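**Student:** I have a structure here, written as structure tokens, and I will follow up with some questions on it.
Derivation of every value follows stated rules applied to the coordinates shown; laboratory data play no part. Being a predicted model, the structure only gives us computed values, none of them experimental. Quick reminder, even Gly has a Cβ in these numbers, built from the backbone with ideal geometry, and neighbours come from all protein chains shown.
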Amino acid sequence: MIGTNKEKDMIERVTSIYVAVFPIPVSDDQRTEVILAGLKKDPENPNKSIVQATVETHISAVDNLVALCDEIVDEQTEIESYRLLKFDQDGIHTLNPDDFRIFERKFMNVRWNIC
């Protein structure tokens with residue numbers, strides 16, 4: 001039901017989703033891909049938690065999704081990589097995470113010296 005404030009009450013239709021899948025071993029010779037979600041304490045407010053998932057519905061949030069996935073790969077020894085997928089009306093597409101990395105994050109460990 002739409003109330004008196006139509007702009008506030010409108011729901012945006014999802015036309016695509018962006019998903020990161022991680023290969024996880026299920027036995028010695030078998031792996032499966034899974035979608036992860038995490039819960040961690042908010043460093044700025046210790047009484048609250050932050051929920052993060054590896055699924056997004058807006059392309060503008062994919063850079064944060066990629067940063068989260070990079071963090072997961074760095075921190076979890078059993079996870080070595082992930083695939084970034086887009087699901088839309090045309091099917092499933094494999095995307096390159098490098099296309100969504102923010103410039104500052106790509107070169108965070110660069111040191112500048114005089115030549």
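**Student:** Hey, rough spin-label estimate for Ala37 and Met10, points 7 angstrom out along Cα→Cβ, what's it come to in nanometres?
**Tutor:** Distance between the two pseudo-spin positions: 2.8 nm.
**Student:** Which ³J(HN,Hα) values, rounded to whole Hz and listed in residue order, are derived for segment 54-63 from phi using the Karplus coefficients 6.51, -1.76 and 1.60 in 6.51 cos²θ - 1.76 cosθ + 1.60 with θ = phi - 60°, glycine and proline given as x?
**Tutor:** 9, 9, 9, 10, 10, 4, 5, 9, 5, 4
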